[in-house]
Amino acid sequence: MTPEVLSNYAQVQELRVAKVVNYLQQNHWIAISHPNPRLIVFEKGVDDQGKPIQIVLPSQDHYEDTPYLLTKAVNLLSVLQSVSFQNIVNAINADVHAS
């Protein structure tokens, strides 16, 4: 794992794929089809080169790379929303508890 992902790894241990999917849906990310059934892909907006911004999640919590992919997703959301990693984790957990 890359250093920035490793530094936040512990904070995602309690996150679950369903929580992140719910958060993304609540925040108007659009699920797009992907040929690999082990992955869930969301898009929203475009980057500086005009390419769609995508978040790739595993379809199951028990996959070996689940913590890595969840950490990458939260890192990206943190950058896009200009808030801390922990604020995104808190928001994901709050959304789930509110639903």
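Filter the stretch 27-42 down to the residues that are outside any strand (DSSP E or B) and open to solvent by 70 Å² or more (accessible area, probe 1.4 Å), then identify the one that is nearest to L15 (Cα to Cα). Across the stretch 27-42, the extreme among qualifying residues is R38.
Taking each residue of the stretch 62-79 that is within 19 Å of W29 (Cα to Cα) and looking for partners that are modelled with pLDDT under 95 and not in a helix (DSSP H, G or I) with beta-carbon atoms closer than 7 Å, six or more apart or interchain, yields L70/L15; S78/S84.
Could you list, in sequence order, the residues of the stretch 10-21 that are open to solvent by 60 Å² or more (accessible area, probe 1.4 Å), in a loop (DSSP other than H, G, I, E, B) and not basic (K, R)? Across the stretch 10-21, the qualifying residues are Q13, E14. Can L57 be described as touching a residue at least 24 places away in the same chain (Cβ under 8 Å) and not in a strand (DSSP E or B)? No: the conditions fail for L57. Among the residues examined, S82 qualifies as hydroxyl-bearing (S, T, Y) and modelled with pLDDT of 95 or more.
Residues checked against (1) open to solvent by 80 Å² or more (accessible area, probe 1.4 Å); (2) outside any loop (DSSP other than H, G, I, E, B); (3) at pLDDT below 95:
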site: Y23; (1), (2), (3): no, yes, no
site: K44; (1), (2), (3): yes, yes, no
site: P67; (1), (2), (3): no, yes, yes
site: T71; (1), (2), (3): no, yes, yes
site: L77; (1), (2), (3): no, yes, no
site: D95; (1), (2), (3): no, yes, yes
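The values are calculated or read from the model by the stated rules, or taken from the named source; none is laboratory data. Please read these numbers as outputs of a predicted model, since none were measured by experiment. Every residue, glycine as well, gets a Cβ built from its backbone with ideal geometry; the counts of neighbours run over all protein chains shown. Surface accessibility is based on the protein's heavy atoms, side chains included, excluding ligands, DNA and RNA. Shrake-Rupley method; radii C 1.70, N 1.55, O 1.52, S 1.80 Å.
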